[in-house]
Every structure is written in structure tokens, then in C-alpha cells.
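Note sheet for the following structure.
The values are calculated or read from the model by the stated rules, or taken from the named source; none is laboratory data. Nothing here was measured: the structure is a model prediction, and the numbers come from that model. Glycine also receives a Cβ, built like all others from the backbone with ideal geometry; neighbour counts cover every protein chain displayed.
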Amino acid sequence: SNIQVISRDLDFYRFNIDLEVQNINHLNQIIAAMRLSQFVESVERGKD
């Protein structure tokens, strides 16, 4: 796993998080859990 701060200001930080997952279901579970957090504004899946 790797976490990189892309940008930040007073209220928001933007991160790029590189994760290894077991399969697409595992990825979807992680994204869903992050979206449920009151501290997360949005989650996007990046493409390589």
C-alpha cells in the first residue's frame, strides 16, 4: 500500500491511495466502507 497527498487546504486533503486487493469484490467493499465515513467527501477508482 502507498498513500500520497495530492493537495491540501484548510478543510480538505486529497490523497492518492495505492492498494493491493484480492479481487473486484474486495475493492468494492473497501470503496463502500470509505464512502460511509463522515470524514470522506468522495472516493474514485483510478485507472492505470
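Quick one: would you say residue 35 is assigned to a helix (DSSP H, G or I) and under 11 Å from the mean Cα position of the chain (by Cα)? Break it down into steps so the answer makes sense when it comes.
Details: assigned to a helix (DSSP H, G or I): yes; under 11 Å from the mean Cα position of the chain (by Cα): yes.
Against the criterion (assigned to a helix (DSSP H, G or I) and under 11 Å from the mean Cα position of the chain (by Cα)), residue 35 qualifies.
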> If you check residue 21 against the conditions, is it surrounded by 10 or more Cβ atoms within 10 Å (Cβ to Cβ) and of a type in the set (A, V, I, L, M, F, W, C)?
Replying inline: yes
> Out of 37, 7, which single residue is modelled with pLDDT of 95 or more and in contact with a strand residue (DSSP E or B) (Cβ under 6 Å, 6 or more places away or on another chain)?
Replying inline: 7
> Quick one: how many residues across segment 1-25 are part of a loop (DSSP other than H, G, I, E, B) and among the β-branched types (Val, Ile, Thr)?
Replying inline: 1
>> Pairs please, first residue from segment 10-28 and in contact (Cβ under 8 Å) with a residue 12 or more places away in the chain, second anywhere and surrounded by 11 or more Cβ atoms within 10 Å (Cβ to Cβ) and in a loop (DSSP other than H, G, I, E, B), Cβ atoms under 6 Å, 6+ apart in sequence or on different chains.
In response: 27/21
